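Before any comments, here is the structure.
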Amino acid sequence: MIRRITAIAVALLLVVPAFVFAGGQAEPEGEPVQELTVYTTTESYDPIRYEAAFMIADAWEELGFQVNVSPMEFSSLLQLFYDEQNFDATILGWSGRVDRLDPQHFLGTLHGEQTDLGANNPGGYVNPEYDELFVAQSREFDADRRREIVMEMQAIAADDNPVDVLFYRDEVVGYNDTTFTDFVVMAGESLYNEWTPLEVTPLTDDRMLTIGTPQEPDTINPLDSTSVWGWKFMRMYYDKLVRLSPEIEPIPYAAEEIIDIDDTTIDVVVRSGMTFHDGEPVTAEDVKFTYEYFIDNDFAYFRPFLSDIESIEVVGSDTVRFNLAEPVASFITVTLSQIPILPGHIWADIENPADLAPDEIPTVGSGPFRFDQYDRGEYKRLLTFEDHFDADRIQIDGIDYIVYADSEGVFTGLVTGEIDMTAWRMEPGQIEIAEDEDHITVVSVGDFGYYHMTYNLRREPFNDHLVRQALSYAVDRDTIIDVLLQGLGEPGYSVVAPINAFWHNPDITRYTYDLDRSRELLEEAGYTWDSEGRIYAPN
Amino acid sequence: MKRFLLTIWKTIRSDTPAFAGFCAVAVLIAVALGAPIIATHDPNEMNYRAEGSALWIDDPEAVELEESIVPETLRSVAWDGSRYVAVGESGTILGRSETDWERIDLAIDETLRGVSLSAQAGLAVGDGGRVLLFDGEAWIAEQLDESITLLAAASEDGGMLAVGERGSMYAGGTLLDAVERLDPAALGASFETETGGRWRQVNSGVTGDLHGATLSDGLGFIVGERGTLLRWENGRVESIDSPIFRDLNSVSLYDRDNGLAVGDRGTVLRWNGTEWREMQGPISRNIRSVTMTAPDRAVAVGTHGDIMILEGDVWTRVRSGYDRHFRGSAGSDTGFVVVGTDPYINALSPPGGEHLFGTTHNGRDIFSQVVYGSRTALIVGFIAALMVTVIGANVGLISGYFKGRTDSVLMRIVDIMYAIPLEPFAMVLVLLGRPGIGIIILAVGLLTWRTTARLIRSQVLSLAGRPFVKAARVAGSGHLRVLYVHIAPNVLPLVFLQLAVAMAFAITAEATLSFLGLGPPRLYSWGTILHQARLSGAWRIAWWWVIPPGVLIMITVVSVFFISRALEVIANPRLSRS
Amino acid sequence: MHHVVLKRLGQAIFTMWIILTVLFFLFRLGLPDPTVALVSEGLSPEDRARIAARFGLDRGIFTQYFIYLRNVLSGELGRSFHYNAPVAGIVGDRFLNTMALMLPAILISYLVGPLLGVLLAWKRGSRLEVGGISGALILRSAPMFWTGMLAVMVFGIWFGWFPTSGMRTFPYEAAHFFDKIFTLDFLHHLILPATVIGLYYLGLPMLIMRNTMLEVLGENFIEFCQARGMSPARIMYAHAARNALLPVITQLAITIGLAVGGQVVVEVVFSWPGLGLEMFNAVRTSDYPLAQASFMLMAAIVLMLNLVVDLIYSWLDPRVTYTAAR
């Protein structure tokens, strides 16, 4: 009898609190939030984004969401993201190419007109106020006034939070400090910039700078290349009117002087006395020819840079005048610094440059180095062009490029002394090993490209900005950087990176890891939780 | 069937290598089944370490680590000319005058985040508005606003300053007079603590967190979030235009004309008596603490073992050789001491101790990964081998029995299968679906039944002409019956042999595909472990990461080979050794 | 006989067509749009469409298929999307690179393997045999990417005896392919990967040889030789082995066929610019022309070798090998 009473008592003790508990916390009505899928890259494509996705998913689960992480092959991921827009949330990145230092491109990824399938704003963020400011800044020629608009846009984007900028990953590279010195470090490009070959000083008899790369140019056709690997190689043997200095200021290079007559008329005085590598002089006609040739052939990659040029004329003996249809804020920094000057006497005869076979592509430029050899997949060589106006400062005989199968191969090349510098960042696990090598100096430079979590604003629950904010507060950026990037990165809050100091707005909302804040925001948005902690959407 | 299995068992039992292989496979199956029990860690867990350590830098060439003084992490350290005091997590407070750290027990458990010592006074501050005062002999615990986390402290000549979250700032001791002389309307709340101490809240004019404070010759600076720089003098707080926008974490004044402030992303600012100027340092990670011990001498510390020393105008990086996250710094005339450490990843730890096979670059336990890897290997190996054998045996049977056009078509399909390489084929499947265990099974299963089919076919070809087959046909048995009832049992030994061979191949193929990164996410396989080792770049030094998974693949495959060799004797008695 | 050969040849061509067709549709329908990567280069949808049109990707899939078949028949393999260059040159280069690695490795193992196999059969029942068989099986069970990693780690990095990646040291001068491979420097690069591959392949011919030798040794003419008082070594290597060699040669043909596709993992570990890795990456980046051409090359060679093997089989009593390469 006593035993039975005890049993009942125990049962009551177990059951009653459960009821009380359940009664105290009203079970939410409606359906729990459906499982969210976070798409990310495969581990082999990028271990950082892969690991980050799981870390973020764990935190979201702590908020009561059900989260499934789906790593995908890169091309499948891009297709799903851009072409199908069939995702809840996706982690991807934008690389920091120099032409993206101008905020135009990154701000454009949140523009309401870019939400179509295949366009740059797959999350579907539309904010008329933002869009208006976007148009205003792209037409604003005065840098300070433009800056104010750009700052305001960043503040708006940070609060609406359609894209959670996760972090900026440092470009960590290394060079052999026993063979060369005086390397130039540049934001976004690190050591592999156009100034390093002009500045380095050899420390030994070997006067060829050897660079290891994990990839090679897609093509060395200057009109047709769409990759940085093509561009960064070709810009050494082609000259450009403007080059961006290591401090990322535009400086006239093949141009003697740039005069803005008014907002839509820009005169470029071509430097005198330059020759192409075949001995022919570089003239204003060549410059005019080049720009018109690029416009006429209409290759996709250059179209955005050139679309606002209405006409080009040669004024006087050495001046080229660009007449623009509308003011373009980025004309000098981007358009003039992107297009290589081609020798008119060679290219004029080529009717359809897209059809050139690899060995038919002309390699004559007027740059500080001249083309010498290219074995696809293995090796490239450039030699110093002694007649270049800048040749006096060049201390080396030329540049050797060795192509490796992957970044692991490049790293081994650096460790064994086969190469003098790396053109591509090291993996986090390699950094410490490199730091322990006596002959290697490790250089870490901030990047202005960024990794982002893009929410699909067309779907629940991402259509609510409070939920997006809550989810962003649940991202532990400091741990991601500390653990996955070995501390070499910076937490992200804006599409314009802090290293892009002139345009970056440092005073916008920061989503520093705070799960309590996340819960508050979700509550504010009307979300509730059941007794097991699962989250329910508001009715 | 029972007799057949018994024969197999007897054959294996009598063949030493085969028996050893059998035992190895049995052990592996046991490991796979018991993986959650056998594994010492969650294979996906990144393992951290956290303890209170100190690093002594008397000579920058030879730093000396005093490891795990206490289990709690240490946040801050100070030197008053004769002794060091370090504070940390869970109310830890340590004093050291001679050679040993001694714990000072104050029965508090809030985390202490800042400590400052001066000739007349010392104080430590921490979570929940906790303030500890040192009167020269003993520490007294006091409490200010409970809802505020205090992050840093400064003291001089009996004057005390405590700063913390959301711009909170408190003055105490001899600084109170100066504060109270100001416009009474501007005065903040006053606190009388239980032990009789008096503090007053000071309006800092900012809302961001304040991370560091310093006082010297009546001049003070407070630094904080987004480059916040506040100047303190005579009870007045004034905001200074900051040359940077990144967080500042620590500030140290030597005298009125020399000071340093450090912050995120390697930020260093130098005070020359009139203004703060940005300075170039060799560190690009976040810097947590700075201590200036002379106008031309200072130490700054940060995460991942970053330490740098200022001599004159030049910062030099000190290679600590430790991947610890340091928090606090202090310096005497002879050298510096640095304390920490925040939880840090127990990366690339060699085998032994807590991690039997060591850890990966993300601090994951390799032993547990290898244990879980046996599951993937066996599951994939078995299912794929079954698929291969079922498809291959049937194709072989049908092809060999019906001959003619059927045979011709089936054998052309086999030819096609030989012409398709495994890795690119698996890649196609991954692009059609998602990376995962199913893809690997499918890739192996769909592609590699070719050899089995060929072998079974040739045996069926030689059986089909035998009298017993003809007899069965004459007796009126249908084709299927003849094929599966009369012929199939005769090829069974060969089928079993092929199952074993296919399994060995499938395990290798799984490892190969996983090594190329096509393996299932978050489920470990031996190939995946090697893939990660290579991807991280650490494989060239971390031999403990490379050897175990490979050895296990080898043991598993060779065991299956040994077993299959024993089966071969049954399948093809001509090979018998007798 | 001619009739049989012609018939088999016809079948091989038909099989080839099936392979091409299946691959064509599998790639076009299964793989992601190859121009999608251009979005991250900042290209607008219109610009992408123009690029797709340049590669003929804007036409209907059957139109594309017939154009493809016509081109293949006329020897035109197309232009790689990734390299923006004719596919034939790329595939040819990579194929030669792969063969420069695989052929020496395979030939050496098929030279040494059978000799060891004879020894095992000769010393039947001894410890040597048990040890030899176990050794062969162990070699075959250690995955090549792992032994490769160990080899690079120990001999390339710790001792620094051998280069760890690639086929040669730069810069170099070479007029054509054979100039590139007949150098000491190439040999220096070849040793590690070829050894790793060679050791892996060694076990199979060794075991096949031993097995067939045991069968041959049971036959009458051996007893006849013994009766004539020949030395055991002479019997083994001169008479028995010659008769047991055919299955090994058959297996050699199969192995070479599979080797055309290269060993992707070995190419990864040693950064060897071979066809296997190229094929793998071509699929990964949806580079249809490159992927199709490399699959086609591999298929053609395998089918041809199969044909040869089948013809050999039709002449001979089929002997069955069990642990054949898959």
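For this structure, a couple of remarks:
- In the stretch A:106-114, the condition of being more than 12 Å from chain C (Cβ to nearest Cβ), farther than 30 Å from residue A:244 by Cα and either touching a Leu at 6+ places or on another chain (Cβ under 7 Å) or not hydroxyl-bearing (Ser, Thr, Tyr) (or both) is met by at least one residue.
- Filtered residue count, the stretch B:107-132, keeping only those that are more than 11 Å from residue B:75 (Cβ to Cβ), touching a Ser or Thr at 6+ places or on another chain (Cβ under 6 Å) and of a type in the set (D, E, K, R): 1
- Residue satisfying all of: in the stretch A:404-420; among the aliphatic types (A, V, I, L, M) and assigned to a loop (DSSP other than H, G, I, E, B); modelled with the highest pLDDT among these: A:419
- In summary, residue C:40 fulfils each of the numbered conditions (1) touching a strand residue (DSSP E or B) at 6+ places or on another chain (Cβ under 8 Å); (2) outside any helix (DSSP H, G or I); (3) not charged (D, E, K, R) with the single exception of condition (2).
- Listed conditions (1) open to solvent by 30 Å² or more (accessible area, probe 1.4 Å); (2) farther than 21 Å from residue A:209 by Cβ are all met by residue A:371, apart from (2).
- Among residues of the stretch A:430-457 being open to solvent by less than 10 Å² (accessible area, probe 1.4 Å) and assigned to a helix (DSSP H, G or I), the one that is farthest from residue A:50 (Cα to Cα) is A:434.
- Residues of the stretch B:312-349 classified as over 23 Å from residue B:73 (Cα atoms) and modelled with pLDDT of 85 or more, total: 6
- Reported count of residues in the stretch A:514-531, each being in contact with a strand residue (DSSP E or B) (Cβ under 9 Å, 6 or more places away or on another chain) and part of a loop (DSSP other than H, G, I, E, B), is 2.
- Filter result for the condition that a residue is surrounded by 22 or more Cβ atoms within 10 Å (Cβ to Cβ), touching a Gly at 6+ places or on another chain (Cβ under 8 Å) and either free of Cβ contacts under 8 Å to residues at least 12 places away in the same chain or not hydroxyl-bearing (Ser, Thr, Tyr) (or both), over A:134, A:81, A:106: A:134
- When B:219, B:182 are screened for being out of contact with any Ser or Thr (no Cβ under 8 Å at 6 or more places or on another chain) and modelled with pLDDT of 85 or more, only B:219 passes.
- Restricting the stretch B:361-382 to residues that are under 13 Å from residue B:545 (Cα atoms) and open to solvent by 30 Å² or more (accessible area, probe 1.4 Å), the residue that is nearest to the other protein chains (Cβ to nearest Cβ) is B:361.
To keep it simple, each residue is scored yes or no on (1) touching a Pro at 6+ places or on another chain (Cβ under 9 Å); (2) within 30 Å of residue B:37 (Cβ to Cβ).
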residue	(1), (2)
B:309	yes, no
B:330	no, no
B:334	no, no
B:345	no, yes
B:354	no, yes
B:371	yes, yes
B:374	no, yes
B:388	no, no
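- Against the conditions (1) under 24 Å from the mean Cα position of the chain (by Cα); (2) surrounded by fewer than 24 Cβ atoms within 10 Å (Cβ to Cβ), residue B:518 satisfies every one except (2).
- Pairs where the first residue, in the stretch B:494-519, is of a type in the set (Ser, Thr, Tyr) and the second is modelled with pLDDT under 90, C-beta under 6 Å, 6+ apart: B:512/C:265
- In this structure, residue A:372 does satisfy being at negative phi, free of Cβ contacts under 8 Å to residues at least 60 places away in the same chain and within 14 Å of another protein chain (Cβ to nearest Cβ).
- Test: residue B:533 is under 30 Å from residue A:72 (Cβ atoms), more than 21 Å from the chain's Cα centre (by Cα) and crowded, with 24+ Cβ neighbours inside 10 Å: no
- Contacts under 8 angstrom Cβ, first residue in the stretch B:300-323 being more than 10 Å from chain A (Cβ to nearest Cβ), partner open to solvent by 10 Å² or more (accessible area, probe 1.4 Å) and of a type in the set (Asp, Glu), 6 or more apart: B:310/B:296; B:311/B:296; B:312/B:296; B:313/B:296
- Helices (runs of 4 or more DSSP H) fully within the stretch C:233-295 counting 1 or more residues that are open to solvent by less than 10 Å² (accessible area, probe 1.4 Å), more than 10 Å from every other protein chain (Cβ to nearest Cβ) and among the hydroxyl-bearing types (Ser, Thr, Tyr): C:241-259
- Within the stretch C:24-54, the only residue that satisfies the criterion of being touching a Ser or Thr at 6+ places or on another chain (Cβ under 8 Å), more than 9 Å from chain A (Cβ to nearest Cβ) and either in contact (Cβ under 8 Å) with a residue 60 or more places away in the chain or among the charged types (D, E, K, R) (or both) is C:27.
- Every residue from the stretch A:415-425 that is farther than 30 Å from residue A:87 by Cα, open to solvent by 10 Å² or more (accessible area, probe 1.4 Å) and within 13 Å of chain B (Cβ to nearest Cβ): A:415, A:416, A:424
- Residue list for the stretch B:92-113, filter: free of Cβ contacts under 8 Å to residues at least 40 places away in the same chain and open to solvent by less than 10 Å² (accessible area, probe 1.4 Å): B:95, B:112
- When residues of the stretch A:110-131 are limited to those that are assigned to a helix (DSSP H, G or I), open to solvent by 50 Å² or more (accessible area, probe 1.4 Å) and without any contact (Cβ under 8 Å) to a residue 24 or more places away in the chain, the one nearest to residue A:81 (Cα to Cα): A:114
- Taking each residue of the stretch B:271-292 that is over 17 Å from residue B:154 (Cβ atoms) and looking for partners that are assigned to a strand (DSSP E or B) and basic (Lys, Arg) with beta-carbon atoms closer than 6 Å, six or more apart or interchain, yields B:277/B:270; B:279/B:270; B:282/B:317.
- Index of the failed condition, residue C:98 passing every other in (1) surrounded by fewer than 16 Cβ atoms within 10 Å (Cβ to Cβ); (2) of a type in the set (Val, Ile, Thr); (3) assigned by TED's automatic domain parsing to the domain that holds residue C:167: (1)
- Test: residue in the stretch C:27-45 that is of a type in the set (S, T, N, Q), at pLDDT 85 or above and either in contact with a helix residue (DSSP H, G or I) (Cβ under 8 Å, 6 or more places away or on another chain) or surrounded by 18 or more Cβ atoms within 10 Å (Cβ to Cβ) (or both): no
- Among residues of the stretch C:46-70, those that are open to solvent by less than 60 Å² (accessible area, probe 1.4 Å), farther than 27 Å from residue A:226 by Cα and not aliphatic (A, V, I, L, M), counted: 1
The values are calculated or read from the model by the stated rules, or taken from the named source; none is laboratory data. These figures come from a predicted structure and were not determined experimentally. A quick note on method: Cβ atoms are made from the backbone with ideal geometry, for glycine too, and the neighbour counts reach across all protein chains shown. For the accessible areas, the whole protein counts, side chains as well, though only heavy atoms, and no ligand, DNA or RNA atoms are used. Shrake-Rupley method; radii C 1.70, N 1.55, O 1.52, S 1.80 Å.
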